[in-house]
1. Residues that are under 14 Å from the mean Cα position of the chain (by Cα): list the strands (runs of 3 or more DSSP E) wholly contained in the stretch 26-132 that include at least 3 such residues.
2. I need the full set of residues from the stretch 1-10 which are within 17 Å of R118 (Cα to Cα) and either modelled with pLDDT under 95 or charged (D, E, K, R) (or both), in order please.
3. What are the pairs with Cβ atoms under 9 angstrom where one residue, in the stretch 48-62, is touching a residue at least 24 places away in the same chain (Cβ under 8 Å) and the other, located anywhere, is surrounded by fewer than 14 Cβ atoms within 10 Å (Cβ to Cβ) and among the hydroxyl-bearing types (S, T, Y)? Sequence gap at least six, or different chains.
4. In this structure, is L19 within 13 Å of T115 (Cα to Cα) and touching an Asp or Glu at 6+ places or on another chain (Cβ under 9 Å)?
5. Only one residue in T24, T122, T126, T39 is farther than 17 Å from T2 by Cα and either acidic (D, E) or at pLDDT 95 or above (or both). Which one?
Amino acid sequence: MTLGVRGLVRDGESRVLLLKHTYTSGWHMPGGGVERGETAETALAREMVEEAGVELTARPRLRSIHSSEVNFRGDHILFFEVTAWRAVQATSRGEIQTVKWFAPDDLPADITSGTQRRIAETLMETPPDPLW
């Protein structure tokens, strides 16, 4: 089994932060794999700085847990909402193609389906789909 984390970050205009990786298609929320010896929250905090230049200033809120079996055998994703953060310099080199803010009603056409569902579930306060 593998474990990943993703985080929904919003700015003062309620836009959501999405990014494109250099190694896979579509727009995603920042996140990645939990490494040995890390907690899920520590992994999220690390990935946020690396990929998006977002430093958590308070604990994120765990919103839901999802199976990502259709994408990667044995994979699960913990989905967090980041409510307190500040901008810092991103530290990742070569992994991230683009980072951009989007209005929730104007998301990019090539957003991944799991990303789009998590945003909708969060904004509409609906029960989460157990599948990523």
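1. On the way: elements: 31-33, 54-56, 61-67, 75-82, 85-87, 96-102.
Counting at least 3 such residues, we get 31-33, 54-56, 61-67, 75-82, 96-102.
2. Result: R6, R10.
3. V49/T91; E50/T91; E51/T91; G53/T91
4. yes
5. Values: T24 fails: either acidic (D, E) or at pLDDT 95 or above (or both); T126 fails: either acidic (D, E) or at pLDDT 95 or above (or both); T39 fails: farther than 17 Å from T2 by Cα.
On inspection, the qualifying residue turns out to be T122.
The values are calculated or read from the model by the stated rules, or taken from the named source; none is laboratory data. Owing to the predicted nature of the structure, the values given are computational and were not obtained by experimental measurement. All Cβ positions, glycine included, derive from the backbone under ideal geometry; neighbour counts span all protein chains shown.
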